[in-house]
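Quick one: this structure, given as structure tokens, is what I'll be asking you about.
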Amino acid sequence: MISIVVALALCVLVPGAHGANTNTDWCYHLSSCNDATWPTTFPNCNGSRQSPINIISASAVENTNLTAFTFTNYGSDSAMTKIANTGKTVKVTLASGVTVSGGDLSETYDSLQFHLHWGNGASVPGSEHTVDGKRYPMEMHIVNAKSSFNGNTTLAVADSTGLAALGFFIEERSGNETDQPASWTNLVSYLSSITNSGESATIAPGFSLDDLLSGVDRTSYYRYLGSLTTPTCNEAVVWTVFKDTIKISKELINLFNATVHVTNSSSPLLINSFRNLQADQPVSRTRNGATSTKSYSLWLMALGLALLWRG
């Protein structure tokens, strides 16, 4: 990311590393530089474990090692420090000391930033991953790097598990849920300050990552090994995609595609900011609670019958 080779790859995924190498750029919206062209310029984008993918829930294999995560400082109301329009996404930089561990990750990972992918309003979905063919209106990615690398993202992208991405689907709240909610109203209020690429704004303390993730069961998720979803598509990412969705109002979803421009106010609005699906990968999942409860009940019944037989 810091080097020329990986700077472009992580313009979305890692704070402070934005743009291309000095001569090459990529995009979502033009035929000359959209994701169909990426493998020509960025060979990693034609790799064997690329992201995003369609997750087939019935094919996901239960893995009992996929335990609960420990989220450190996700409840801090000053964890989010800056929001920026990168020209490819809206990115929020996180303060130092925000980390995630557990969940069968090999070590503690530093939470560096999160960013979003969207389509063209609530009616034209734009999540990167899909589940059983369903694409959601938006997707939030929290990007984390191994703490042992001490912020060296060049080392992280060279390691097959150097990065861990937490993916959260975002969808419209149902008709009887009219609140925005407040945390997302606060976040989206900053969009008017970053309409042009390169603009950023300081986020005032007052709401947390936990607030943004309210309502999501973070113990229920899918797991697979994949890549960055932007050039240079390094295959260095442990992906966690949560089953529960973040629910916000239609009005808030629509503000992303109606406010943020690719470059400036005379350029197109940033819409359909997601990579097309890549080849399927082996996917595992956390234990299904209903299945586990049923199995436990059957075990108790069998034990009772055995005791009765012995008696």
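Yes/no per residue for (1) farther than 25 Å from residue 232 by Cα; (2) of a type in the set (Gly, Ala, Ser); (3) surrounded by fewer than 22 Cβ atoms within 10 Å (Cβ to Cβ); (4) at pLDDT below 95:
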site	(1), (2), (3), (4)
123	yes, yes, yes, yes
144	no, no, no, no
148	no, yes, yes, no
151	no, yes, yes, yes
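Okay, next question. Filter the stretch 44-67 down to residues that are in a strand (DSSP E or B) and not polar (S, T, N, Q) and give me whichever is nearest to residue 240 (Cα to Cα). Outline the logic, then answer.
The initial filter retains those residues of the stretch 44-67 that are in a strand (DSSP E or B), namely 54-55, 61-62.
Retained after the next criterion (residues that are not polar (S, T, N, Q)): 55, 61-62.
Numbers: 55: 11, 61: 14, 62: 14 Å.
Ranking the qualifying residues of the stretch 44-67, first place goes to 55.
Of the residues 37, 130, only one is surrounded by fewer than 18 Cβ atoms within 10 Å (Cβ to Cβ) and modelled with pLDDT of 95 or more; which?
Values: 130 fails: surrounded by fewer than 18 Cβ atoms within 10 Å (Cβ to Cβ).
Selected residue: 37, the only one of 37, 130 that is surrounded by fewer than 18 Cβ atoms within 10 Å (Cβ to Cβ) and modelled with pLDDT of 95 or more.
Something else now. Considering (1) in contact with a Gly (Cβ under 9 Å, 6 or more places away or on another chain); (2) among the aliphatic types (A, V, I, L, M); (3) farther than 20 Å from residue 56 by Cα, say which one residue 269 fails and leave the rest.
Every listed condition holds for residue 269 apart from (1).
When you scan the stretch 118-136, how many residues do you find that are in a loop (DSSP other than H, G, I, E, B) and under 13 Å from the mean Cα position of the chain (by Cα)? So that I can check it myself, show each step before the final result.
At the first step, the residues of the stretch 118-136 found to be in a loop (DSSP other than H, G, I, E, B) are 119-129, 132-133, 136.
Adding the requirement that they be under 13 Å from the mean Cα position of the chain (by Cα) leaves 126-129, 136.
Qualifying residue count, the stretch 118-136: 5.
If a residue must be closer than 25 Å to residue 103 by Cβ and aliphatic (A, V, I, L, M), how many such residues does the stretch 234-269 contain? It would help to see each step written out before you state the result.
Taking the stretch 234-269 and keeping what is closer than 25 Å to residue 103 by Cβ, we get 234-248.
Of the ones still in play, those that are also aliphatic (A, V, I, L, M) are 236-238, 241, 246, 248.
Residues flagged as closer than 25 Å to residue 103 by Cβ and aliphatic (A, V, I, L, M) within the stretch 234-269 amount to 6.
Anything in the stretch 85-117 that is in contact with a His (Cβ under 8 Å, 6 or more places away or on another chain) and assigned to a strand (DSSP E or B)? List them, or say none.
Across the stretch 85-117, the qualifying residues are 85, 90, 91, 92, 114, 115, 116, 117.
Looking at 231, 181, 205, which is the one that is over 28 Å from residue 34 (Cβ atoms) and crowded, with 19+ Cβ neighbours inside 10 Å? Outline the logic, then answer.
Working: 231 fails: over 28 Å from residue 34 (Cβ atoms); 205 fails: crowded, with 19+ Cβ neighbours inside 10 Å.
After ruling out the rest, the residue left standing is 181.
Return the residues of the stretch 259-273 that are buried (at least 18 other Cβ atoms within 10 Å of the Cβ) and either assigned to a loop (DSSP other than H, G, I, E, B) or at pLDDT below 95 (or both); say none if nothing qualifies.
Selection gives 260, 262, 270, 271, 273.
Moving on. Output the number of the condition that residue 70 fails; it satisfies all remaining conditions of (1) in a strand (DSSP E or B); (2) surrounded by 15 or more Cβ atoms within 10 Å (Cβ to Cβ).
(2)
Select from the stretch 79-109 the residues that are farther than 21 Å from residue 202 by Cβ and touching a helix residue (DSSP H, G or I) at 6+ places or on another chain (Cβ under 9 Å) and list them in ascending order.
99, 101, 107, 108, 109
When the residues of the stretch 171-202 are filtered to those that are β-branched (Val, Ile, Thr) and out of contact with any Leu (no Cβ under 8 Å at 6 or more places or on another chain), which remaining residue is modelled with the lowest pLDDT? Lay out the reasoning, then the answer.
Of the stretch 171-202, the ones β-branched (Val, Ile, Thr) are 178, 185, 188, 194-195, 202.
Within this subset, residues satisfying the condition of being out of contact with any Leu (no Cβ under 8 Å at 6 or more places or on another chain) are 178, 194-195, 202.
Details: 178: 57, 194: 98, 195: 98, 202: 98.
By that ranking, first place goes to 178.
Touching a Ser or Thr at 6+ places or on another chain (Cβ under 8 Å), modelled with pLDDT of 95 or more and crowded, with 19+ Cβ neighbours inside 10 Å: does that describe residue 80?
Details: touching a Ser or Thr at 6+ places or on another chain (Cβ under 8 Å): yes; modelled with pLDDT of 95 or more: yes; crowded, with 19+ Cβ neighbours inside 10 Å: yes.
It is true that residue 80 is touching a Ser or Thr at 6+ places or on another chain (Cβ under 8 Å), modelled with pLDDT of 95 or more and crowded, with 19+ Cβ neighbours inside 10 Å.
Yes or no, residue by residue, for (1) out of contact with any helix residue (DSSP H, G or I) (no Cβ under 9 Å at 6 or more places or on another chain); (2) under 22 Å from residue 259 (Cα atoms); (3) of a type in the set (A, V, I, L, M, F, W, C):
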| residue | (1), (2), (3) |
| --- | --- |
| 114 | no, yes, yes |
| 127 | yes, yes, no |
| 145 | no, no, yes |
| 173 | no, yes, no |
| 185 | no, yes, no |
| 193 | yes, yes, no |
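Show the residue pairs meeting these rules: Cβ distance below 9 Å; 6+ apart or different chains; first residue within the stretch 93-105 and touching a residue at least 40 places away in the same chain (Cβ under 8 Å) and basic (Lys, Arg); second residue assigned to a loop (DSSP other than H, G, I, E, B) and surrounded by 13 or more Cβ atoms within 10 Å (Cβ to Cβ).
none
Restricting attention to the stretch 234-257, which residues are surrounded by fewer than 24 Cβ atoms within 10 Å (Cβ to Cβ) and either part of a loop (DSSP other than H, G, I, E, B) or more than 13 Å from the chain's Cα centre (by Cα) (or both)? Before you say what the answer is, go through the steps one by one.
Pass one, the stretch 234-257, residues surrounded by fewer than 24 Cβ atoms within 10 Å (Cβ to Cβ): 235, 238, 242-247, 249-252, 254-255, 257.
Passing the criteria: 235, 243, 244, 245, 247, 249, 250, 251, 252, 254, 255, 257.
The values are calculated or read from the model by the stated rules, or taken from the named source; none is laboratory data. Just so you know, these numbers come straight off a predicted model, no measurement behind them. Here the Cβ is made from the backbone with ideal geometry for all residues, glycine too, and neighbour counts use every protein chain on show.
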